[in-house]
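> Let me begin by handing over the structure; questions about it come next.
The values are calculated or read from the model by the stated rules, or taken from the named source; none is laboratory data. Values in this document were obtained by computation on a predicted structure and should not be read as measured data. Cβ placement follows ideal geometry from the backbone for every residue including glycine, while neighbour counts extend to all protein chains displayed.
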Amino acid sequence: MALSGGADRGSHSMDKSITLPPDEIFRNLENAKRFAIDIGGSLTKLAYYSTVQHKVAKVRSFDHSAKETDGDPLYEISVQEEITARLHFIKFENAYIETCLDFIKDHLVNTETKVIKATGGGAYKFKDLIEKKLKLKVDKEDEMTCLIKGCNFVLKNIPHEAFVYAKHADSEFRFQNTHPDIFPYLLINIGSGVSIVKVEAEDKFERIGGSSIGGGTFWGLGALLTKTKRFDELLQLASKGQHTNVDMLVKDIYGGAYGSLGLTGDLIASSFGKSATTDKEFSKEDMAKSLLHMISNDIGQLACLYAKLHNLTRVYFGGFFIRGHPVTMHTITYSINFFTKGEVQALFLRHEGYLGAIGAFLKGAEEDNPNQYSWGENYAGSSGLMSVSPDLNPVQRARSGTFDMLEMDRLERQLVNLPLLQDPTSYIPDTVDLTEDALAREYWLYCFEEALDGVVKRAIASQKDQPEAAERAEKFRQKYCHKLQTLRHQPFAYGSLTVRSLLDTREHCLNEFNFPDPYSKIKQKENDMALKYYLKVVKSFEELSWEQRQFTLVKGLLAGNVFDWGAKAVSDVLESDPEFGFEQAKQQLQERPWLVDAYNQWIERLKGPPHKCALFFVDNSGIDIILGVFPFIRELLIRGTEVVLASNSGPALNDVTNSELQILTERIAAMDPVIHTALKEDRLALVQNGSSSPCLDLSRLDKVLATVVRERGTDLVIIEGMGRAIHTNYYAMLSCESLKLAVIKNSWLAERLGGKIFSVVFKYEVPSKAQGQH
Amino acid sequence: MELNGFYCDGEGCAEEQEEEPTALKLLRSKTETSCSIIATPGADSAAAGGSVLQEQRMSKSTPAMLRLDSLKKNRPPFPWFGMDIGGTLVKLVYFEPKDITAEEEQEEVESLKSIRRYLTSHTAYGKTGIRDVHLELSDLTLWGRKGNLHFIRFPTHELPAFLQMGRDKHFSSLHTTLCATGGGAFKYEDDFLTMANLKLLKLDELDCLIKGVLYIDSVVSSGPPECYYFEHPTDPERCEQKAYNLENPYPLLLVNIGSGVSILAVYSKDNYKRVTGTSLGGGTFLGLCCLLTGCSTFEEALAMATEGESTRVDKLVKDIYGGDYERFGLPGWAVASSFGNMMCKEKRDSVSKEDLARATLVTITNNIGSITRMCALNEPLYGAALWNLDQAALYRAMIDQNIERVVFVGNFLRVNTLSMKLLAYALDYWSKGQLKALFLRHEGYFGAVGALLELQNPC
């Protein structure tokens, strides 16, 4: 029977000696509203909703109808304030609760808030304190309801939330893909007792069982047996013990003969069985280990019996017994694996400790309908998995800074799967998992560290008019540098470590310090420049034969893709030689046969009937989009194929954003009747992809894009650039034809793929009939 | 001793993981073996495959008329023993023939006579051996002979002393087969040979267990009923022991609680399988009690448990919610966390040894009840061997083959009315009356009885 939490486990003395750094811990308190608190046996989790004022870069087209002078830029860039919503979750030891409440009281400006939602066993105990300090009415919410609500929320909104724990594997944490449909699942909450909850839908769950043998049994019985008071210390003892000294094993009963009987001698026949028959002293470590095994095995066995009875294969474990403790995750994983013979894997959650607080918060925010939005983990403001784990970081633990944070941004757009994914459940955006590939991890962490100076410089340059930009840029450097350090030691901190997550973390950190678009000016300049050549490039195709034209178009597309400030090799060239041109870029390209070369198949296909509709995920601004992409899609449009250009919703590096693309397209349409007509007839559409990343996650795309793709009967997907076609989606299987093309502008990566820098990947794939027509 | 399902990793679990947990022995079917069960006393059925061994024995044996006579009737020679060597206790059953004629008496070899007299004239052997006189079955007919069945137990660690006695009494000169089951039959096989010159016939413990249960239930007709249950288990005022007729018991779960626990699903007398087990058994109760209270015997631990109060140790639902947790139908008296109050130092300091013993007993017993109940619910699934059964099929399967009876055996239940009532209560309450807990008087001796019956089939 089981209930989580447990209220009265020893009283912690109140620690008021710490001072809290306001810009690091309770951030954005000024605008905070809707508080929720989850007070467990030893940890308090506080949640609040706040709005964040962000600087965002906006582009606005000049009115070009009046006059057209060569010297004027195409559009103007302005930085505006935008308000976005953010959820803050902070976890700290109960000892600091008073200090924290005082801090909140002092910094809370907003007075509209009247109520604080509370859950957890300690909610009663601290009720008066909270009401007195914050002058907020404590409104108690059911623990289990909050837990499930929180669980649904993180499973839906945080990719790589769930993981499998494998102690002896190369990477201890194996993160799971978010399943498009998270239900049904089983949640085993191991608090002082165990609750087994079956969750069938957002608001449909049932406590189907439980057990009284749980974390409280480990702690209580462990304290009696070993005279060790703290739960963490008991786990430490257990990790050092030998249970075989205390438990009676099969081989203790059968002697050496178990082998011939097909038995496994190391099976525990009777937990603590040796202490019943042997008259001797047992070590604390051994008893703690035996106890840990006894309890983990028992819970695992019951979990499996319930999972089987209810035909459930997704089984998540949580509660303080599990929370961030590799020792218990290991024994539970072991037990589940044993009892289901590997059919079910024990799943754990990165933000398991926050579930109650998240749920309580969501209960209080129901009027805002938070579930209608998509949310994203903010890597800049979140501390990551096990930031305060004693096993990993004893030094950090000893300091007063035992604060763990999670921040989630409300995304402006609702995100969904690309309908053309062959199998959304098995789709993994990232090509290389750096958590598992140590060599690649080393390289990329080094690479991002190396590039940091350049990024800082670029950020300052983008805000020349602001004197404090240098100071902010320095803060950004420190923050990102610290993130990279963390990831070096805990690659699993934010789920699977990938080139994408490293890039995204950098974008989040830049945004955090109000550098919304460091490349805005460069993009502007390059767009201006490229536009001037557009007509010339288009004209140059007219003399070519059909075959020649197709090849030149593809080559142009690839050459355009060389212009990428995200790649260090290229940004060095662009930095030193601003005149570096399209023709030079073409010369840099690898001659055919390319590293991956499906060009002949593509040409054969083009000789056939035109595609119905092509979806093109574009990459860089300037030459790439204007002189590479536009001529290419122009040819498609002429063939009779509709084109949808998908670009980023927000800025990332020098990638073209949706608002920039709108203006560019207008300008091109003014020059080129083909584009003009296509726009007018709606055969050319511009949509945003919902992301602000240099990479592409096809499982989290703007809902509008998904609708457009479906309505237009899209039968060709083109993905361009290293970030979207190599670092991500290289292995993505689509249910229609696809073209993935990129120039490898990184010699390490090129070598890994078996080529040299500026190698070309031209991957054209056609799904087999059976898969294509489901 | 029972094999349970718990498998544990030491430090190098990578290689351990590779070993199949064959100890589960799922779907082990009795139909695979050719031996038949002799459930009827006095039935002189011939044992196929046994003749060679018997001839060898005849050629070697001393020319005692009685023994020859025995062989002619396809009856094993005396003495008739069955042994179950568990992790904690050795269980020994001995058939004492009462129909010995004067002639037989005269010809009975001295060593045989000495064993018979020693065993039947004492009720305690050494410091720790005990004959459970109250369990003795008199006037039993086995293989054509009339006699009494005696039930003896002693701690497994006293086995060397037992072997010494066997040697002193020249047991080996009788050239008898000693049928033994339990893990110790394997572990101590060499010791039997070297210390007492005795060759063991090793038998599968689950086979023996089932045979023993069915045999004893079939031969007990007078006196206290072998099988019983508790009527009104949820009402302490009206709760009383009632006889139960185990005539047509299938399907049933047989839960053997020794040092560890084995749970078998039995579909007919020779169709059964081990479903699962748990390492939280009698050994855990005694082991934890020894560590927590300093006691050293099961009787002591049980006596303390009887005096104690577990609610001072356990955290109850009402301790957390002030009453019932209505939302999930949890009554306030239910245990939320076993030993949960012991997380708090003040409470650790205020509990007695008796409280701790009681809490240990309640924890172990309730857990067995809980796993048993889940097995009973799951069994149709195992039976159907379908993991991905759709819900409708699952429901039909459950209706078709619901297990309603659970028979608890094993020495954990010896003189342990507390646990029996707790099991009866827990099963009745949590299954809403769907499951009935049944108990057997000879709780821990069935393996040994089953081994004795194998004397007939020395194959």
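> Among the residues of the stretch B:428-437, count how many are in contact (Cβ under 8 Å) with a residue 60 or more places away in the chain and surrounded by fewer than 23 Cβ atoms within 10 Å (Cβ to Cβ).
Filtering the stretch B:428-437 for residues in contact (Cβ under 8 Å) with a residue 60 or more places away in the chain gives B:428-430, B:435-437.
Those left that are additionally surrounded by fewer than 23 Cβ atoms within 10 Å (Cβ to Cβ): B:428-430, B:436.
Looking only at that region, the number is 4.
> Assess whether A:Asp465 counts as being among the acidic types (Asp, Glu), outside the structural domain of A:Val570 (by the TED database), closer than 21 Å to A:Val499 by Cβ and modelled with pLDDT under 95.
Working: among the acidic types (Asp, Glu): yes; outside the structural domain of A:Val570 (by the TED database): yes; closer than 21 Å to A:Val499 by Cβ: no; modelled with pLDDT under 95: yes.
No.
> Another question, if that's okay. Out of curiosity, is A:Thr340 under 22 Å from A:His168 (Cβ atoms) and among the β-branched types (Val, Ile, Thr)?
Working: under 22 Å from A:His168 (Cβ atoms): yes; among the β-branched types (Val, Ile, Thr): yes.
So A:Thr340 passes the test.
> Quickly run through the stretch A:295-328 and pick out the residues that are away from chain B (no Cβ under 11 Å) and in contact with a Cys (Cβ under 8 Å, 6 or more places away or on another chain).
A:Tyr316, A:Gly318
> If you don't mind, there's one more thing I want to ask. Would you pick out the residues in the stretch B:91-112 that are surrounded by 14 or more Cβ atoms within 10 Å (Cβ to Cβ) and either among the polar types (S, T, N, Q) or under 25 Å from B:Ala161 (Cβ atoms) (or both)? Break it down stepwise before answering.
Keep residues of the stretch B:91-112 that are surrounded by 14 or more Cβ atoms within 10 Å (Cβ to Cβ), which gives B:91-97, B:100, B:104, B:107-109, B:111-112.
Within the stretch B:91-112, B:Lys91, B:Leu92, B:Val93, B:Tyr94, B:Phe95, B:Glu96, B:Val109, B:Ser111, B:Leu112 meet the criteria.
> Also: Taking the stretch B:326-340 on its own, how many of its residues are within 7 Å of chain A (Cβ to nearest Cβ) and either over 20 Å from A:Glu141 (Cβ atoms) or not in a helix (DSSP H, G or I) (or both)? Give the derivation first.
Narrowing the stretch B:326-340 to residues within 7 Å of chain A (Cβ to nearest Cβ): B:327-328, B:330, B:334-340.
Still in the running and either over 20 Å from A:Glu141 (Cβ atoms) or not in a helix (DSSP H, G or I) (or both): B:330, B:334-340.
Residues in the stretch B:326-340 being within 7 Å of chain A (Cβ to nearest Cβ) and either over 20 Å from A:Glu141 (Cβ atoms) or not in a helix (DSSP H, G or I) (or both): 8 in total.
> For the stretch A:658-691, which positions are of a type in the set (S, T, N, Q) and in a strand (DSSP E or B)? Explain how you work it out, then say what you get.
We begin by selecting, within the stretch A:658-691, every residue of a type in the set (S, T, N, Q); these are A:658-659, A:662, A:665, A:677, A:688-689, A:691.
The answer is A:Gln688, and nothing else.
> While we're looking at this one, here's another question. Restricting to the stretch A:425-459, name every residue that is part of a loop (DSSP other than H, G, I, E, B) and closer than 20 Å to A:Glu751 by Cα. Don't jump to the end; show me each part of the working.
The first filter runs over the stretch A:425-459 and keeps only residues part of a loop (DSSP other than H, G, I, E, B), leaving A:425-429, A:431-437.
Result: A:Thr431, A:Val432, A:Asp433, A:Leu434, A:Glu436, A:Asp437.
Residues are listed down the side, and each one gets a yes or a no for (1) closer than 30 Å to A:Cys509 by Cβ; (2) hydrophobic (A, V, I, L, M, F, W, C):
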residue: A:Val596; (1), (2): no, yes
residue: A:Lys612; (1), (2): no, no
residue: A:Gly622; (1), (2): yes, no
residue: A:Ala652; (1), (2): yes, yes
residue: A:Asn658; (1), (2): yes, no
residue: A:Thr665; (1), (2): no, no
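> Pick from B:Thr284, B:Thr306, B:Thr297: which is among the polar types (S, T, N, Q), within 27 Å of B:Leu89 (Cβ to Cβ) and buried (at least 20 other Cβ atoms within 10 Å of the Cβ)?
Details: B:Thr306 fails: buried (at least 20 other Cβ atoms within 10 Å of the Cβ); B:Thr297 fails: buried (at least 20 other Cβ atoms within 10 Å of the Cβ).
Answer to the check: B:Thr284.
> While we're looking at this one, here's another question. Residue by residue through the stretch A:122-140, note down the ones that are in contact with a Gly (Cβ under 8 Å, 6 or more places away or on another chain) and either small (Gly, Ala, Ser) or crowded, with 24+ Cβ neighbours inside 10 Å (or both).
Pass one, the stretch A:122-140, residues in contact with a Gly (Cβ under 8 Å, 6 or more places away or on another chain): A:122, A:139.
Residue satisfying the conditions is A:Gly122 alone.
> Tell me yes or no: at least one residue of the stretch B:265-276 is of a type in the set (Asp, Glu), away from chain A (no Cβ under 11 Å) and free of Cβ contacts under 8 Å to residues at least 12 places away in the same chain.
As a first pass, look at the stretch B:265-276 and keep what is of a type in the set (Asp, Glu): B:270.
Those still in the list that are away from chain A (no Cβ under 11 Å) too: B:270.
Restricting the remaining residues to those that are free of Cβ contacts under 8 Å to residues at least 12 places away in the same chain gives none.
No, that holds for no residue.
> Just a yes or no: is a residue in the stretch B:350-360 charged (D, E, K, R), over 19 Å from A:Ile190 (Cβ atoms) and facing chain A (nearest Cβ under 9 Å)? Explain how you work it out, then say what you get.
Pass one, the stretch B:350-360, residues charged (D, E, K, R): B:353-355, B:358.
Checking the rest, the ones that are also over 19 Å from A:Ile190 (Cβ atoms) come to B:353-355, B:358.
Now narrow it down to the ones that are facing chain A (nearest Cβ under 9 Å): none.
The answer is no, given that none of the residues of the stretch B:350-360 is charged (D, E, K, R), over 19 Å from A:Ile190 (Cβ atoms) and facing chain A (nearest Cβ under 9 Å).
> Let me ask something else. Among (1) outside any loop (DSSP other than H, G, I, E, B); (2) without any contact (Cβ under 8 Å) to a residue 12 or more places away in the chain; (3) in contact with a helix residue (DSSP H, G or I) (Cβ under 9 Å, 6 or more places away or on another chain), there is one condition A:Arg472 misses while meeting the rest; what is its number?
Result: A:Arg472 fails condition (2) only.
> While we're here: Test A:Thr119 against the stated conditions and say whether it is crowded, with 18+ Cβ neighbours inside 10 Å and more than 28 Å from the chain's Cα centre (by Cα). Spell out how you get there, then give the answer.
On the way: crowded, with 18+ Cβ neighbours inside 10 Å: yes; more than 28 Å from the chain's Cα centre (by Cα): no.
So A:Thr119 does not fit the description; no.
> When the residues of the stretch B:291-313 are narrowed to those that are over 20 Å from B:Lys347 (Cα atoms) and of a type outside the set (S, T, N, Q), which ends up farthest from the other protein chains (Cβ to nearest Cβ)? Show your work before the answer.
The first filter runs over the stretch B:291-313 and keeps only residues over 20 Å from B:Lys347 (Cα atoms), leaving B:295-303, B:306.
Imposing the further condition that a residue be of a type outside the set (S, T, N, Q) reduces the set to B:295, B:298-303.
On the way: B:Cys295: 10, B:Phe298: 8, B:Glu299: 13, B:Glu300: 12, B:Ala301: 9, B:Leu302: 13, B:Ala303: 16 Å.
Selected residue: B:Ala303.
> Considering only the stretch A:112-126, how many residues are within 14 Å of chain B (Cβ to nearest Cβ) and part of a loop (DSSP other than H, G, I, E, B)?
Here is the first cut: in the stretch A:112-126, the residues within 14 Å of chain B (Cβ to nearest Cβ) are A:119-125.
With part of a loop (DSSP other than H, G, I, E, B) added as a condition, the list becomes A:120, A:124-125.
Selection size over the stretch A:112-126: 3.
> Hey, among A:Ala85, A:Ala166, which residue is under 30 Å from A:Phe492 (Cα atoms), within 14 Å of chain B (Cβ to nearest Cβ) and in contact with a strand residue (DSSP E or B) (Cβ under 9 Å, 6 or more places away or on another chain)? Steps first, answer last, please.
Numbers: A:Ala85 fails: within 14 Å of chain B (Cβ to nearest Cβ).
Answer to the selection: A:Ala166.
> Moving to a separate point now. If you scan the stretch A:477-500, which residues turn out to be within 15 Å of A:Leu653 (Cβ to Cβ) and either hydrophobic (A, V, I, L, M, F, W, C) or free of Cβ contacts under 8 Å to residues at least 40 places away in the same chain (or both)?
Step one: of the stretch A:477-500, the residues within 15 Å of A:Leu653 (Cβ to Cβ) are A:480, A:499-500.
Within the stretch A:477-500, A:Tyr480, A:Val499 qualify.
> If only one of B:Asp190, B:Asp207, B:Asp217 is surrounded by fewer than 19 Cβ atoms within 10 Å (Cβ to Cβ) and of a type in the set (Asp, Glu), which one is it? Break it down stepwise before answering.
Values: B:Asp207 fails: surrounded by fewer than 19 Cβ atoms within 10 Å (Cβ to Cβ); B:Asp217 fails: surrounded by fewer than 19 Cβ atoms within 10 Å (Cβ to Cβ).
Only one candidate qualifies: B:Asp190.
> Here is a further query. Sort out for me the helices (runs of 4 or more DSSP H) sitting completely within the stretch B:138-228 that have 3 or more residues that are in contact (Cβ under 8 Å) with a residue 12 or more places away in the chain and within 14 Å of chain A (Cβ to nearest Cβ). Even if it seems obvious, please write down each step before you answer.
Values: elements: B:159-168, B:183-187, B:189-196, B:205-219.
Result: B:183-187, B:189-196, B:205-219.
> All but one of (1) exposed (fewer than 15 other Cβ atoms within 10 Å of the Cβ); (2) farther than 30 Å from B:Val220 by Cα; (3) not hydroxyl-bearing (Ser, Thr, Tyr) hold for B:Ala124, so report the exception by its number.
Every condition holds for B:Ala124 apart from (2).
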